[in-house]
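One structure below.
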Amino acid sequence: MIRFEGVSKHFAGAPGPAVDRLDLTIPEGTTCVLIGPSGCGKSTTLRLVNRLIEPDAGRITLGGHDVAAVDPIALRRGIGYVLQGIGLFPHRSVARNVATVPELLGWPKTRIAARVDAMLDLVGLDPALYRDRRPDALSGGQRQRVGVARALAADPPVILMDEPFGAVDPVARGRLQAEIGTILKRLSKTVLIVTHDIDEAMLMGDRVVLMRAGRVVQADAPQALLAAPADPFVASFVGEDRALRRLALLTVSETAEPGTAADAPEIADTATLRDALSMMLAGGRTRLAVAGPAGPHVVTLDAVRRAGAVGKREA
Ligand code: ADP
Ligand code: MG
């Protein structure tokens with residue numbers, strides 16, 4: 001668990017605080033995404049956790065231990081840190097990059113080699129093909145995969161990610177976000193991610209925290225944030241197309257009702273309601289047949305419309 005208690009940071013010469021009396025708890029094994037306009041204090045918040053920046057006031061604890069009492073170098077070895085683009089050592093092979101922390105911790109060579117291969121496998125890079133390459137012989141997406149493999153190598157319970165997919169092209173980005181999100185969840189890591197990509201926040205966050213001027217404006221589950229923005233700032237930030245974003249987070253199985261739709265196109269119950277809506281629009285239909293283990297079901301345009309309704313607090 002990561003906990004911020006009344007944490008503030010005011011950089012010398014700045015007109016206001018970068019982080020202003022922040023209270024935030026990230027429970028064990030969950031992913032929290034910080035989002036907000038440029039300069040609102042997201043990266044500063046992240047860097048306070050691994051003591052790249054020291055607070056003026058307040059306390060940060062990891063698993064109940066005050067980070068101020070831990071030697072910063074030891075602290076950082078126990079925290080995975082993923083940065084946009086830059087983070088990899090350009091003159092070292094992929095394997096040596098991934099091995100960084102295990103080497104610092106003095107693991108035996110055979111254990112390190114096995115761990116490197118396991119981590120590359122985990123992030124979808126064939127070790128035989130990639131372990132000896134240099135970072136400049138990789139695509140942006142592959143480099144970020146290596147960055148994640150390196151952050152996970154010594155199995156730290158806490159992972160910090162600052163705009164981890166910012167340098168990845170938009171096509172590869174969506175897949176990377178989904179894959180890495182699944183891996184972090186499966187490993188039960190406690191994760192704090194900074195992004196300005198609202199879709200990334202919605203996809204990866206158990207909780208999304210919208211910041212402005214160093215303060216939390218709203219912290220909520222992705223669906224709740226989309227359904228009930230606390231004020232016009234949040235609403236404008238999550239965007240006018242938030243109904244579509246919300247539909248992309250819901251599956252057909254949650255909205256399907258028993259029934260049959262003769263001749264209607266069929267959609268999988270695992271598809272999103274956004275997919276269902278596109279299929280309806282493309283085929284000029286108001287009902288689709290649902291393929292799944294639950295027997296004959298349909299999903300209707302009315303149901304999709306209700307699911308996408310925004311502006312009201314969910315019960
Ligand atoms: P974000 O990541 O949300 O874009 P940052 O946390 O990087 O924002 O920055 C918050 C504010 O603190 C900004 O006004 C920024 O200019 C300032 N700031 C960040 N780091 C430093 C620093 N090392 N020295 C002085 N000011 C800084
Ligand atoms: Mg930043």
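Each reported figure results from applying straightforward, stated rules to the coordinates on display, with no laboratory input. All figures in this text were calculated on a predicted structure; none of them were measured in a lab. For neighbour counting, all protein chains shown are included, and Cβ atoms are generated from backbone atoms with ideal geometry for every residue, glycine included.
Brief remarks on what is shown
- For residue 250, residues with placed amide H under 5 Å, excluding near neighbours: 273, 274
- Charging the Cβ of each Asp and Glu at -1 and of each Lys and Arg at +1, and nothing else, the dipole of the chain about its Cα centre rounds to 680 debye.
- Prolate/oblate/rounded call for the chain, Cα gyration tensor, a/c under 1.5 rounded: oblate
- Against the main long axis of the alpha-carbon atoms of the chain, helix 170-186 sits at an angle near 80°.
- The GluC sites (Glu not before Pro) of segment 213-301 that DSSP puts in a loop, and whose beta carbon has at most 13 other beta carbons within 10 Å, are 240.
- Take the Kirkwood radius over Cα pairs of segment 207-315, plug it into Stokes-Einstein at 37 °C and 0.692 mPa s, and you get 220 µm²/s for translational diffusion.
- Point-to-point label distance, residue 231-residue 155, nm (Cα→Cβ direction, 7 Å offset): 4.5 nm
- Neighbour net charge for residue 134 - beta-carbon separation under 13 angstrom, K R +1, D E -1: +3
- Values of log10 I(q)/I(0), in the order q = 0.14, 0.20, 0.22 Å⁻¹, for segment 1-63 under a Debye, Cα-only, solvent-free model: -0.37, -0.76, -0.91
- Here the chain is scanned for trypsin sites (Lys or Arg not before Pro) in DSSP loops (not H, G, I, E, B) that have at most 12 other Cβ atoms within 10 Å, and the longest stretch holding none of them is 1-311.
- The 3J(HN,Hα) values that the Karplus relation (6.51, -1.76, 1.60; θ = phi - 60°) gives for segment 43-60 are, in residue order, 5, 4, 4, 4, 6, 5, 5, 9, 6, 6, 10, 9, x, 7, 8, x, 9, 10 Hz. Gly and Pro appear as x.
- Gained length - residue 12 relative to residue 105, 0.36 nm times residue gap less alpha-carbon distance: 29.9 nm
- Of 273, 300, 236, farthest towards positive along the dipole that unit charges on Lys, Arg, Asp, Glu beta carbons give segment 192-315: 236
- Computed magnitude of the charge dipole of segment 245-308 (debye, nearest 20; Cβ of K, R +1, Cβ of D, E -1): 320 debye
- With θ taken as phi - 60° and the Karplus curve 6.51 cos²θ - 1.76 cosθ + 1.60 applied, the whole-hertz 3J(HN,Hα) list for segment 225-238 is 5, 6, 6, 9, x, 5, 7, x, 4, 5, 4, 5, 6, 6 Hz, x standing for glycine and proline.
- In the elastic network of the chain, a GNM with C-alpha springs shorter than 10 Å, the most mobile of 296, 222, 55 is 296.
- Charge dipole (Cα centre; +1 on Lys/Arg Cβ, -1 on Asp/Glu Cβ; no other charges) of segment 106-209 amounts to roughly 440 debye.
- Directionally averaged shadow of segment 245-308, computed from the convex hull of its alpha-carbon atoms, nm²: 3.6 nm²
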